[in-house]
1. Scanning segment 8-22 for residues that are over 20 Å from Arg69 (Cα atoms) and within 16 Å of the ligand (Cβ to nearest atom), which turns out surrounded by the most Cβ atoms within 10 Å (Cβ to Cβ)?
2. Of all the residues that make up segment 28-54, how many are not basic (Lys, Arg) and not in a loop (DSSP other than H, G, I, E, B)?
3. Can you tell me which residue in segment 23-35 is nearest to the ligand (Cβ to nearest atom), limited to those that are exposed (fewer than 13 other Cβ atoms within 10 Å of the Cβ) and at negative phi?
4. Here are some conditions: (1) in a strand (DSSP E or B); (2) small (Gly, Ala, Ser); (3) surrounded by 17 or more Cβ atoms within 10 Å (Cβ to Cβ). Ala59 meets all but one. Which one does it not meet?
5. For segment 4-27, give me each residue that is among the polar types (S, T, N, Q) and assigned to a strand (DSSP E or B).
6. Being away from the ligand (no atom under 16 Å from the Cβ) and on the phi > 0 side of the Ramachandran plot is the filter here, so list the residues in segment 36-55 that pass it.
7. Against the conditions (1) buried (at least 20 other Cβ atoms within 10 Å of the Cβ); (2) not in a loop (DSSP other than H, G, I, E, B), where does Ala68 fall short? Just the number, please.
8. Assess whether Gln48 counts as being modelled with pLDDT of 95 or more, of a type in the set (S, T, N, Q) and under 17 Å from Gly12 (Cα atoms).
Amino acid sequence: MSKHVPMNPETGLPVGTVALFLGVFKARVALFEPQPGAMAWHCLGCGQVSQNHVFTAAARTEANDHAARCRSIELKPQLTAAV
Ligand SMILES: [Zn+2]
């Protein structure tokens, strides 16, 4: 079961994002603070969401490892100003 991740509509990133990791095919993995004192990551390619971590370093390492392995392609939201 996937967890609901509140997203910032302006950035397209999870609320509380503190770092981004770039995956194999450029899907972003966002490291974010789901609640005070916790850290988690959300892959914007495959949609996977981690468990909450107490230690930022553990969450950051896991996010980076996921970005290094994940082969999904991030689907971009529809842009209002098409090029
Ligand atoms: Zn992924």
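1. Going through segment 8-22, the residues over 20 Å from Arg69 (Cα atoms) turn out to be 8-18.
Now narrow it down to the ones that are within 16 Å of the ligand (Cβ to nearest atom): 12-14, 17.
On the way: Gly12: 14, Leu13: 17, Pro14: 21, Thr17: 18.
Applying the filter and picking the extreme gives Pro14.
2. Counting residues in segment 28-54 that are not basic (Lys, Arg) and not in a loop (DSSP other than H, G, I, E, B) gives 11.
3. Filtering segment 23-35 for residues that are exposed (fewer than 13 other Cβ atoms within 10 Å of the Cβ) and at negative phi, the one nearest to the ligand (Cβ to nearest atom) comes out as Phe25.
4. (1)
5. Of everything in segment 4-27, those that are among the polar types (S, T, N, Q) and assigned to a strand (DSSP E or B) turn out to be Asn8, Thr17.
6. Going through segment 36-55, the residues away from the ligand (no atom under 16 Å from the Cβ) turn out to be 36-39, 52-55.
Passing the criteria: only Gly37.
7. (1)
8. Details: modelled with pLDDT of 95 or more: yes; of a type in the set (S, T, N, Q): yes; under 17 Å from Gly12 (Cα atoms): yes.
Yes: the conditions hold for Gln48.
The values are calculated or read from the model by the stated rules, or taken from the named source; none is laboratory data. Nothing here was measured: the structure is a model prediction, and the numbers come from that model. When we count neighbours, we look across all protein chains shown, and the Cβ atoms used for this are built from the backbone with ideal geometry, even at glycine.
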